[in-house]
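Asks: Before I ask anything, here is the structure I am working with.
Rule-based calculations on the coordinates, nothing more; no lab input. Source: prediction; values computed, not measured. Here Cβ is always computed from backbone atoms with ideal geometry, including for glycine, and neighbour counts include all displayed protein chains.
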Amino acid sequence: MFTNMNYFLAFWLALLGIWACSPKVVSGAETGVTDSEILIGGVMDLEGRSAGLGLGMKAGIEAAFRGEKVGKRSLRFITLNDSYNPSKTATATRQLLEQGVLLFAGNVGTPTAKVSLPILAEGGVPAVGFFTGAGLLRPGAGNIINYRASYVQETKSVIDKALLEGIRPQGICAYVQNDSYGMAGVVGIRKALESVDGAEEIVAVLDKILAVEGDQPQRNGIGPVGVYTRNTYTARQGYESLKAWERSQGSNCRIIVTVGAYGSIARFIAYAASKGEPWIYSAVSFTGADNFASELRRFRVVDRVIMTQVVPLPDSGLTIVRTAQNALGKEYGYVSQEGYIVGKMLLRALRQMQAEGKEITRENVLAWFHGSHFELEGLNLDFEDDNQGSDLVVMTALDGTAWIPMQDGIWQRWVAQMAQTSK
């Protein structure tokens, strides 16, 4: 009897010890907020074919949070892998909600966001700084706060410049991922051309492509757009779709606007190069500048590639860039820079809320961002008119193995070379 009582007391003392060492939830506090931590969730590709993007965003956000506190609370970033697969995204999103996070930050991808956003909206959970420029987040249903410029802004910047350099609307073609991400890029191309004289027929064909519905529908062979299946590398069908368009129109593609993942787009460019195509290529920021450059280097592609960036360039001199470089070290890059900005943006909001005497809740996080306008270590962020903080788009050009600011001379040289090759 005495021995059993000792065991009983020892058992309860152990439980009390565990309880004493565990973070305590403050009475009445929001989900994801304890007396010592604020829990932030993120779902991204950490193991799949686009893992460079997820790992970059994760590294950037973690670097922004490292060693920082909001009052007495540290920030912990909990991530789960979805391999850029929407079915896995839904499962991972629900798992993090069950673990009890305050909000989600840095999720990667458009087709994955299309799945996660309704789940988050149902629970009133904020989605902050997702790595996608798709229109479904602008403004989007639910509680969404974007850092970055949209794909429409990215593609328009390239197309406007191409037209200015003498490329006609009929010479603007595309190679995109056959899903909501790729179609977001096609929407951007359409918007850039809709008010251009002589582009009416092209816009009508793009509308026909956008109207095709279903899961991985047949979009090749319709117009100046070639498509590929997400998480695959096969480029032939998309390439042949563009060549069929050229033959049907009796004109050549001049610039190929690409919207996809770095491995797939690099292989398409390499395939077209092997066929002797003189095309100029552009890629949106989601492609992942550092991984994209590495893949192109593997295939010995060294020029005629433009890439739009939505973060300040490494040599911009902005404080936010220098602090990211110092915090990330060898992990610094365009994607991790964006993750760092998202993390610092969120940290700024939480600290300011506390300074203003506001409780850290999901509702208050959203209220703080809406209508705010502030500078983040030299980077201007403006949420006064919409839910997107930055309109920054910078065009860069591949110069051997590095991205450099796009200059008029580079455009003119590439256009002249293409014209000469086409003769």
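Asks: Give me the dipole magnitude in Debye, nearest 20, for the chain about the Cα centre, with unit charges on the beta carbon: positive for Lys and Arg, negative for Asp and Glu.
Replies: Computed about the Cα centre, the dipole is about 1040 debye.
Asks: Quick one: Cα centre-to-centre distance for region 392-418 and region 160-206, in angstrom?
Replies: 20 Å
Asks: So for region 268-423, averaging the separation of alpha carbon pairs under 8 Å that are six or more residues apart and normalising by length, what relative contact order in percent results?
Replies: Relative contact order, region 268-423: 29 percent.
Asks: Let me ask another. Let me know the whole percent of all Cα-Cα pairs from the chain that are separated by more than 32 Å.
Replies: 39 percent
Asks: Percent relative contact order of region 189-257, based on C-alpha pairs within less than 8 angstrom and at least six residues apart?
Replies: 20 percent
Asks: Can you compute 3J(HN,Hα) from phi for each residue in region 300-311, using the Karplus curve 6.51 cos²θ - 1.76 cosθ + 1.60 with θ = phi - 60°, rounded to whole Hz and x for Gly and Pro?
Replies: 6, 8, 10, 7, 6, 10, 9, 9, 7, 10, 10, 10
Asks: Just rank Thr89, Thr396, fewest to most, by other beta-carbon atoms within 10 angstrom.
Replies: Fewest to most other Cβ atoms nearby, the residues stand as Thr396, Thr89.
Asks: A further question follows. Could you tell me how many degrees, from 0 to 90 and to the nearest 10, lie between the Cα long axis of helix 319-328 and the main elongation axis, the longest principal axis, of the Cα atoms of the chain?
Replies: 70 degrees
Asks: How big is the gap, in Å, between the Cα center of region 324-372 and the Cα center of region 252-310?
Replies: Spelled out, the Cα-based centre of one part sits 32 Å from the other.
Asks: About the Cα centre of region 188-334, what is the dipole size in debye to 20, counting +1 per Lys and Arg Cβ and -1 per Asp and Glu Cβ, all else neutral?
Replies: In total the dipole reaches around 520 debye.
Asks: How large is ³J(HN,Hα) for each residue in region 43-50, as worked out from phi by the Karplus curve 6.51 cos²θ - 1.76 cosθ + 1.60 (θ = phi - 60°), to whole Hz, x for Gly and Pro?
Replies: Calculated HN-Hα couplings, in order: 10, 7, 6, 10, 9, x, 6, 10 Hz.
Asks: Counting residues in region 318-393 as N, plug N into 2.2 N^0.38 Å and put the Cα Rg over that result.
Replies: 1.17
Asks: Among Ser316, Ser282, which comes first, then next, by fewest other beta-carbon atoms within 10 Å?
Replies: Ranking Ser316, Ser282 by Cβ neighbours within 10 Å, fewest first, gives Ser316, Ser282.
Asks: Hey, what's the Kirkwood Rh for region 61-123 if you take every pair of different alpha carbons, in angstrom?
Replies: When all Cα pairs of region 61-123 are included, the Kirkwood radius is 12.8 Å.
Asks: Are any of the pairs Lys243/Lys275; Lys156/Lys208; Lys114/Lys161; Lys72/Lys344; Lys114/Lys191 more than 23 Å apart by Cα-Cα distance, and if so, which?
Replies: Flagged as over cut-off: Lys114/Lys161.
Asks: Nearest 10 degrees, 0 to 90: what angle lies between the long axis of helix 151-164 and the longest principal axis of the chain (Cα atoms)?
Replies: 20 degrees
Asks: Would you mind checking the tilt of helix 289-298 against the longest principal axis of the Cα atoms of the chain, expressed as 0 to 90 degrees and rounded to 10?
Replies: 50 degrees
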